[in-house]
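Please see the structure below; I have some questions.
The values are calculated or read from the model by the stated rules, or taken from the named source; none is laboratory data. These numbers come from a predicted model, not from an experiment. Neighbour counts run over all protein chains shown; Cβ positions are idealised from the backbone, glycine included. For accessibility, only protein heavy atoms count, side chains too; no ligands or nucleic acids. Shrake-Rupley method; radii C 1.70, N 1.55, O 1.52, S 1.80 Å.
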Amino acid sequence: MSKTTINTLHKIKQNQEKFSVVTAYDATFAGLASTSGIDVLLVGDSLGMVLQGKDSTVPVTMEEMCYHTQAVKNGNQGSLLMVDMPFMSYATPEQAMANAAELMQAGAEILKLEGGAWLVDTVEMLSERGVPVCAHLGLTPQYVHKFGGYKVQGKEQAAAEQMLADAKAMEAAGADLILLECVPSELAKTLTESINIPVIGIGAGSDTTGQVLVCYDMLGMNSGHVPKFVKNFLIDGRNIQQAFAAFDQEVKSGDFPGPEHGFKA
Ligand code: KIV
Ligand code: NA
């Protein structure tokens, strides 16, 4: 199997096809997912919640992200390896440069940052220095205390327009991907059609180019509240690899997500 790069993802968007993304935090899951057709592995800072049991992603550190990035890199068999920059590790462009260097040297191939227009200079500088960027918009979990909870974003006209402007600013600054979390499906469709770079969605309807789920969620490993956008693929006697493959196939055929997994404005 050939190596997936950002060029692969850009080509998928040009061809109006789809790609699949799952989170991975260790070498075993990375190996299983990357050999099941999954295009992108995300070392998400969701590890603070699903691995560590914390109540948000805010406490996650650079040291923890580097440790898990190395583990996932060791198991990965050709998927693109995306890594989250943790809370406040990119508060200034200078901090972003230094921390991006550590994550890239640990094995990251593209970094994900939460935020819009305020990140223009940072994204430009990272991009110029050889660090591809995914800009995460919508429900950005590192903002949970500022948002006052985990809520669907972009429901009001003004917020929707701001999100569109943020996505365009990120593309102009050199971002290679946008990720939209928990936004109305109609807004995600409009946004995806308004820019040339691929958009990955989670709780953002079926019209984005990529779809991402937390690996534990899509394997039905969930003790508390199950979000509306989650589907369990570990059913019908499948093993874990077959569940990843089913997710990949349903994303690429357009069967997942269905209307019931999305939000309305
Ligand atoms: O940390 C994470 O798992 C994420 C995805 C849910 C998009 O950022
Ligand atoms: Na994250």
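If you take the residues of the range 176-187 that are within 16 Å of ligand 1 (Cβ to nearest atom) and farther than 14 Å from GLY210 by Cβ, which of them is nearest to the chain's Cα centre (by Cα)?
CYS182
On to the next question. So, of the residues in the range 39-60 that are of a type in the set (Val, Ile, Thr) and either more than 18 Å from the chain's Cα centre (by Cα) or within 12 Å of ligand 2 (Cβ to nearest atom) (or both), which turns out to be surrounded by the most Cβ atoms within 10 Å (Cβ to Cβ)?
VAL43
Could you check LYS73 against (1) closer than 18 Å to LYS3 by Cα; (2) open to solvent by less than 50 Å² (accessible area, probe 1.4 Å); (3) touching a strand residue (DSSP E or B) at 6+ places or on another chain (Cβ under 9 Å) and say which number it fails?
(2)
When you look at SER34, is it farther than 15 Å from LEU213 by Cβ, more than 11 Å from ligand 1 (Cβ to nearest atom) and surrounded by 24 or more Cβ atoms within 10 Å (Cβ to Cβ), yes or no?
Criteria met by SER34.
Could you tell me which residue of the range 146-156 is nearest to ligand 2 (Cβ to nearest atom), considering only residues that are within 19 Å of the chain's Cα centre (by Cα) and surrounded by 13 or more Cβ atoms within 10 Å (Cβ to Cβ)?
That would be TYR150.
Could you say whether any residue in the range 10-25 is within 13 Å of ligand 1 (Cβ to nearest atom), of a type in the set (Gly, Ala, Ser) and over 21 Å from GLN249 (Cα atoms)?
Checked the range 10-25: no residue is within 13 Å of ligand 1 (Cβ to nearest atom), of a type in the set (Gly, Ala, Ser) and over 21 Å from GLN249 (Cα atoms).
Inspect the range 157-166 for any residue being open to solvent by less than 10 Å² (accessible area, probe 1.4 Å) and either more than 16 Å from the chain's Cα centre (by Cα) or modelled with pLDDT of 95 or more (or both) and give the result as yes or no.
No, that holds for no residue.
Can you tell me which of GLY203, GLY174, GLY220, GLY224 is in contact (Cβ under 8 Å) with a residue 60 or more places away in the chain and small (Gly, Ala, Ser)?
Only one candidate passes the filter, namely GLY203.
Looking at the range 133-165, which of its residues are more than 15 Å from SER46 (Cβ to Cβ), within 16 Å of ligand 1 (Cβ to nearest atom) and in contact with a Ser or Thr (Cβ under 7 Å, 6 or more places away or on another chain)?
Result: VAL133, single match.
Are any of the residues in the range 67-86 of a type in the set (D, E, K, R) and away from ligand 1 (no atom under 12 Å from the Cβ)?
Taking every residue of the range 67-86 in turn, at least one turns out to be of a type in the set (D, E, K, R) and away from ligand 1 (no atom under 12 Å from the Cβ).
Let me ask something else about it. Exactly one of these conditions fails for ALA100: (1) among the hydrophobic types (A, V, I, L, M, F, W, C); (2) surrounded by fewer than 20 Cβ atoms within 10 Å (Cβ to Cβ); (3) in contact (Cβ under 8 Å) with a residue 12 or more places away in the chain. Give me its number.
It is condition (2) that ALA100 fails.
Conditions (1) in contact with a strand residue (DSSP E or B) (Cβ under 8 Å, 6 or more places away or on another chain); (2) open to solvent by 40 Å² or more (accessible area, probe 1.4 Å); (3) more than 16 Å from ligand 2 (Cβ to nearest atom); (4) of a type outside the set (Gly, Ala, Ser), marked per residue:
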position	(1), (2), (3), (4)
GLN105	no, yes, yes, yes
LEU113	yes, no, no, yes
LEU119	yes, no, no, yes
VAL144	no, no, no, yes
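Taking LEU137 as the residue in question, decide whether it is in a strand (DSSP E or B) and either within 16 Å of ligand 2 (Cβ to nearest atom) or open to solvent by less than 40 Å² (accessible area, probe 1.4 Å) (or both).
yes
Give me the pairs, please: first residue somewhere in the range 134-154 and under 15 Å from PRO86 (Cα atoms), second residue anywhere and among the aromatic types (Phe, Trp, Tyr) and within 15 Å of ligand 2 (Cβ to nearest atom), beta-carbon distance under 6 Å, and either six or more positions apart or on two chains.
Listed pairs, sorted by first residue: GLN142/PHE87.
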